[in-house]
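Engineer: Attaching a single structure in structure tokens format; questions to follow.
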Amino acid sequence: MKVFGRPVTALVIIALEVILAILGFFSGITFLLDPSGKTHGMDVSILVTTPISDFTPVGFFFVVCYGILPSLAVYGLWKLPRWRWTDAFNKWTRENWAWTVTVVIGVILIVWIAVEVALIGSPIGLPRFLQVTMALLGVVFIALAMLPRVRTYAKSQLLTSNMGLRLHM
């Protein structure tokens, strides 16, 4: 099924990436403005077992990986632009670069949570719920990106050569 000329599953990915980008920018900027973590109800004491002393690196990571990357992926999955400098990714994955970014975001979400749990644990309550939710979101991004309709859609601009035409399958 298609909506706006795109598979519904691609639109679900886009919607989830929009939500992640909003949360990533909000959380990241909040950590950058308040590196103590108090705005998030956290304290730097939980960082004792980590290589960082405040939440500034976390804020930067959130802005880049959970804000900027999903924003780029949303644009890329919506427009499917072909940029010559991304051709190395296209040749490697045989998909549009935005598809690759989506899979990378999924991997980053899973790895970040795994490292977080290894370093600071999994506190009971809302923090644990957020950890589980973010890891599952990573799995969802990867699983949805692997669906045949999404992969065909992501390949569509690569199948049209340089004529400027797009096939939306």
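Values in this text are rule-based calculations from the coordinates and carry no lab data. It should be emphasised that the depicted structure is a prediction, and the values quoted were computed from it without experimental measurement. Cβ sites come from the backbone with ideal geometry, for glycine too, and all protein chains shown count toward neighbours.
Engineer: Can you pull the one-decimal nm distance between simple spin-label points at Thr39 and Val64, each 7 Å off the Cα toward Cβ?
Structural biologist: Once both label points are built, they end up 1.9 nm from each other.
Engineer: Segment 1-74: percent of C-alpha pairs farther apart than 18 Å? Please report the intermediate quantities before stating the final value.
Structural biologist: Numbers: 1320 of 2701 pairs.
Above the 18 Å cut-off, segment 1-74 has 49 percent of its Cα pairs.
Engineer: For a footprinting-style exposure proxy, rank Arg6, Arg149 by other Cβ within 10 Å, fewest first.
Structural biologist: Working: Arg6 19, Arg149 16.
By the 10 Å Cβ count, ascending: Arg149, Arg6.
Engineer: Grab the other residues whose beta carbon is less than 15 angstrom from that of Phe89, score K and R as +1, D and E as -1, and report the net.
Structural biologist: So the environment of Phe89 carries a net charge of +4.
Engineer: Among Glu17, Glu116, Glu95, which comes first, then next, by fewest other beta-carbon atoms within 10 Å?
Structural biologist: Ascending Cβ contact count within 10 Å gives the list Glu116, Glu95, Glu17.
Engineer: Expressed in nm to one decimal, what extension gain is obtained for the pair Val140 and Trp78 from 0.36 nm per residue of sequence separation less their Cα-Cα distance?
Structural biologist: Length gained between Val140 and Trp78: 20.5 nm.
Engineer: Could you tell me the number of lysine pairs in segment 2-155 with C-alpha atoms less than 30 Å from each other, where the two lysines are 8 or more residues apart or belong to different chains?
Structural biologist: 6
Engineer: By counting other Cβ atoms within 10 Å of each Cβ, how are Ser36, Ser27 ranked from fewest to most?
Structural biologist: Ordered by Cβ neighbours within 10 Å, fewest first: Ser36, Ser27.
Engineer: Sticking with this one: Which whole-number percentage describes the relative contact order of the chain, with Cα contacts under 8 Å and a sequence gap of 6 or more?
Structural biologist: For the chain, the relative contact order is 24 percent.
Engineer: With a 10 Å radius around each residue's Cβ, average the other Cβ atoms per peptide and rank 60-66, 86-92, highest first.
Structural biologist: The densest-packed peptide leads the list: 60-66, 86-92.
Engineer: How many nm is it between the label spots at Arg94 and Ile46, if each spot is 7 Å from the Cα in line with the beta carbon?
Structural biologist: 4.3
Engineer: With springs connecting C-alpha atoms under 10 Å apart, model the chain as a Gaussian network and identify which of Trp97, Trp83, Trp112 has the largest mean-square fluctuation.
Structural biologist: Trp83
Engineer: Which one of Thr39, Thr152, Thr56 has the biggest mean-square fluctuation once the chain is modelled by GNM with Cα springs under 10 Å?
Structural biologist: Residue with maximal mean-square fluctuation among Thr39, Thr152, Thr56: Thr39.
Engineer: Pick from Val150, Val140, Val115 the residue whose mean-square fluctuation is largest in a GNM of the chain, springs joining Cα atoms under 10 Å.
Structural biologist: So, out of Val150, Val140, Val115, the one fluctuating most is Val115.
Engineer: Hey, another quick one. Over 10 Å intervals from 0, what percent of Cα-Cα pairs in segment 2-155 sits in each interval?
Structural biologist: That works out to 11, 38, 30, 16, 5, 0, in percent per bin.
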